[in-house]
Amino acid sequence: MTGSDGFMGKNLLRFFRSQGSPFKIVDFQVEWFDQPEKMKEFVSDCDVIVHLAGVNRHEDEKYIFNRNVELTEILISAVDSVNATPYFIFSSSTQEYLNNNYGTAKKEARLKLSSWASGNRVPFTGLIIPNVYGPFGQPFYNSFIATFCHLLAKRGEPEIQVDRSVGLIYVFEIAKKIYQLINSPEDNPELLLPITGEAAVSEVLNKLKHFSELYQKEARIPELNNYFDVTLFNTFRSYLVPGFYPFSLMKRTDDRGFLTEIIKENTGGQVFYSSTKPGITRGNHYHTNKIERFCVLQGEGLIRMRRIEENEIFEFRVSGDAPVIIDMPVWYTHNITNVGSSEMLTLFWSNEIFDPENPDTYFEAV
């Protein structure tokens, strides 16, 4: 996989990980594009090459065109030099239809790979990908949604430069499609991927502002009417770790005892609670789409979370005496341990009812 350290590449690797992928991932370093011998070694080891690497922003517009075409030419030269015939999956963009430098370069590269595959009688899939969004995108680079989420998370004020309707695709959908293609190659030089949602830039910003207003001020779960809303909300939440959590709750006390509002939501879901004995840990799993909230009602707990491809662990000491909530971002493996001397009671909420056929729960130790 070229571009494995980029936005789409990292998400593809996450998806492979969640599926317990049987594929052997061949290591690739971007500097190998300029090292012919390394390129020969790389392509010799590959049955399938997912070509994601590219340049989509640069101060020199001509460089964007030239480098994107050159990267593909280097790949073709490398496979020819060792008589390799891998199945290529290439990521192009709907910007092909806009005739800008980036789009024109991606089209030129796609056609070159298609011609090579045809001449060598091997399948080739050229993906035409709409505007991509998803967790952990690089602001001011990957997409306007990444930029908007980053700024709102930092209490900044996003600005719209060009307001137009855009077709959007959640990065997870691209990963699923590529995974399917590796298992069942499809000879299609111009495969347009379906969009997850379509909206004007201003509409997306208004949604994100609404999410921010409800969630960052009240920790309220906004109305999530469709898959696009859920994935956009999960994208926004990915920019809030670690600064936003834990979110302190108001504890109202009188002569009867106390009352604390834990969940305010404008969507459906499921509420459940657990009892945990001292020293016991629950969890050690992650979710790819599910929204989940934790609140310790009694006892002392330690909540830990880690983004699955990283090593940094975030820890939150929580107590029933000072209620707080912590929501689990997608792609963060998490657990909760009873670190007190008595039984711990924890309330959980999820935005969806548990489905044993599709649990969206992948086990991995924090």
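The values are calculated or read from the model by the stated rules, or taken from the named source; none is laboratory data. Nothing here was measured: the structure is a model prediction, and the numbers come from that model. Every residue, glycine as well, gets a Cβ built from its backbone with ideal geometry; the counts of neighbours run over all protein chains shown.
At a glance:
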| quantity | calculated |
| --- | --- |
| Segments classed as strands (runs of 3 or more DSSP E), wholly inside region 61-143, with at least 3 members that are crowded, with 18+ Cβ neighbours inside 10 Å and of a type in the set (Val, Ile, Thr) | 124-129 |
| Residue in region 49-63 that is assigned by TED's automatic domain parsing to the domain that holds ILE182, farther than 29 Å from GLU310 by Cα and of a type outside the set (Asp, Glu) present | yes |
| Cβ-Cβ under 7 Å pairs, at least 6 apart or on other chains, region 52-68 side closer than 18 Å to SER4 by Cα, far side among the small types (Gly, Ala, Ser) and at pLDDT 90 or above | LEU52/GLY3; LEU52/GLY6; LEU52/GLY9; LEU52/SER91; ALA53/GLY3; GLY54/GLY3; ASN68/ALA105; ASN68/ALA109 |
| Among (1) part of a helix (DSSP H, G or I); (2) under 13 Å from VAL132 (Cα atoms), the one test that LEU168 misses | (1) |
| Residue ID - nearest to GLY20 (Cα to Cα), chosen from residues in region 159-171 that are touching a residue at least 40 places away in the same chain (Cβ under 8 Å) and crowded, with 19+ Cβ neighbours inside 10 Å | VAL171 |
| Only listed residue being basic (Lys, Arg) and exposed (fewer than 14 other Cβ atoms within 10 Å of the Cβ), chosen from LYS209, LYS154 | LYS154 |
| Test: residue in region 25-33 that is more than 25 Å from LYS176 (Cβ to Cβ) and aromatic (Phe, Trp, Tyr) | yes |
| Filtered residues of region 267-276 (kept if surrounded by 11 or more Cβ atoms within 10 Å (Cβ to Cβ) and either outside the structural domain of GLU343 (by TED's automatic domain parsing) or at pLDDT 80 or above (or both)) | GLY269, GLN270, VAL271, TYR273, SER274, SER275, THR276 |
| Residue check for ILE174: touching a Leu at 6+ places or on another chain (Cβ under 7 Å), β-branched (Val, Ile, Thr), farther than 30 Å from GLY119 by Cβ and touching a residue at least 24 places away in the same chain (Cβ under 8 Å) | no |
| Residue within region 251-261 that is within 23 Å of LEU302 (Cα to Cα), basic (Lys, Arg) and under 20 Å from the mean Cα position of the chain (by Cα) present | no |
| Test: VAL43 is outside any strand (DSSP E or B), at pLDDT 95 or above, surrounded by 15 or more Cβ atoms within 10 Å (Cβ to Cβ) and of a type in the set (Val, Ile, Thr) | yes |
| Verdict on THR288 being at pLDDT below 95 and assigned by TED's automatic domain parsing to the domain that holds HIS334 | no |
| Residues located in region 60-103, provided they are hydroxyl-bearing (Ser, Thr, Tyr), at pLDDT 95 or above and farther than 18 Å from THR125 by Cα | SER77, SER81 |
| Checking PRO356 against (1) free of Cβ contacts under 8 Å to residues at least 40 places away in the same chain; (2) in a strand (DSSP E or B), the condition it does not meet | (2) |
| Test: THR125 is assigned by TED's automatic domain parsing to the domain that holds ILE178, modelled with pLDDT of 95 or more and not aromatic (Phe, Trp, Tyr) | yes |
| Residues satisfying the stated conditions in region 312-353, i.e. more than 20 Å from the chain's Cα centre (by Cα), touching a residue at least 24 places away in the same chain (Cβ under 8 Å) and assigned to a loop (DSSP other than H, G, I, E, B) | GLY320, PRO323, VAL339, GLY340, SER341, SER342, GLU343, ILE353 |
| Selected residue [surrounded by fewer than 16 Cβ atoms within 10 Å (Cβ to Cβ) and within 23 Å of GLU364 (Cα to Cα)] from GLU292, GLU309 | GLU309 |
